[in-house]
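Worksheet for the structure shown next.
The values are calculated or read from the model by the stated rules, or taken from the named source; none is laboratory data. Keep in mind that this is a model prediction, so the values were computed, not measured. FYI the Cβ positions are ideal-geometry reconstructions off the backbone, even for glycines, and counts take in every protein chain you see.
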Amino acid sequence: MKSVIALLGRPNVGKSTLFNRLTRSRDALVADHAGLTRDRIYGHVRDDNAQFILIDTGGLTNETDSMSELMRKQAALAIDEADLMVFLVDGRAGLLPADEEIARLLRNVGKPVLLVINKSEGEQRELVAAEFYSMGLGEPVVISATQGRGIDRLLNHITNIL
Ligand code: GDP
Ligand code: MG
C-alpha cells in the first residue's frame, strides 16, 4: 500500500504551496489569508524514486473559534492516516511559541516527524535552522516551496524514512 504523508504546521507557513509543488497540481488553495484551506486535500506524488499520498491540512492554531476547531479536527484525522508527519515551519517568521506547541503535539503521536523549514530564500538560513533544531525533532530540511529549492533533498529524506 502507498504511504501517506500529512503536511502539518501553523497556517500560512506554505503547506499548500508545497503540496501544489509536490503534486504538481493547483488543487490546494494557496492564499495570503491564514487558514483558507479548510478541508483536507489528498494528492498523489509521483517522482522517480518517491511515490506517496500527500494530505494538505488547514493548519494548527490554538485559537478557539469554530474554524480553528474544524482545522484541528481535520489535522487530527490526517495525523491518524499518516505514516509520516511533515512539520512545516516558516523560516522567515522564525521559531514561534505556536511551533513549539505543535512540536509537543506531534512528538506525542509517536509517528515519524520530518521537520521542514520553508521560506528559506533569505540569508539567515543557518541561524534559523539552529533555532528550530532546538525543538528536538532532529535535523531540519531547508526548502523554498515557491522557488523549488531543496525539494529533491526533501523527497530523498522522505523516501529514506518511509
Ligand atoms: P498554508 O496556509 O500553510 O497552506 O500556506 P500557503 O501555501 O497558503 O502560503 C502562505 C503564503 O506564504 C503565500 O503567500 C505563499 O505564496 C507564501 N509562501 C509559500 N511558500 C513560500 C516560500 O518558500 N517562500 C516565500 N517567500 N513565501 C512562500
Ligand atoms: Mg493551506
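Determine whether the stretch 130-150 contains at least one residue that is within 13 Å of ligand 1 (Cβ to nearest atom), touching a Pro at 6+ places or on another chain (Cβ under 9 Å) and not aromatic (F, W, Y).
Checked against the condition, which is being within 13 Å of ligand 1 (Cβ to nearest atom), touching a Pro at 6+ places or on another chain (Cβ under 9 Å) and not aromatic (F, W, Y), the stretch 130-150 yields no hits at all.
Among the helices (runs of 4 or more DSSP H) confined wholly to the stretch 46-150, which include 2 or more residues that are modelled with pLDDT under 90 and closer than 21 Å to F19 by Cβ?
By residue number, 66-81.
Inside the stretch 125-145, can you point out the residues that are touching a residue at least 40 places away in the same chain (Cβ under 8 Å) and in contact with an Asp or Glu (Cβ under 8 Å, 6 or more places away or on another chain)?
Hits for the stretch 125-145 are F132, M135.
Quick check, is I143 surrounded by 22 or more Cβ atoms within 10 Å (Cβ to Cβ), β-branched (V, I, T) and away from ligand 2 (no atom under 15 Å from the Cβ)?
So I143 fits the description; yes.
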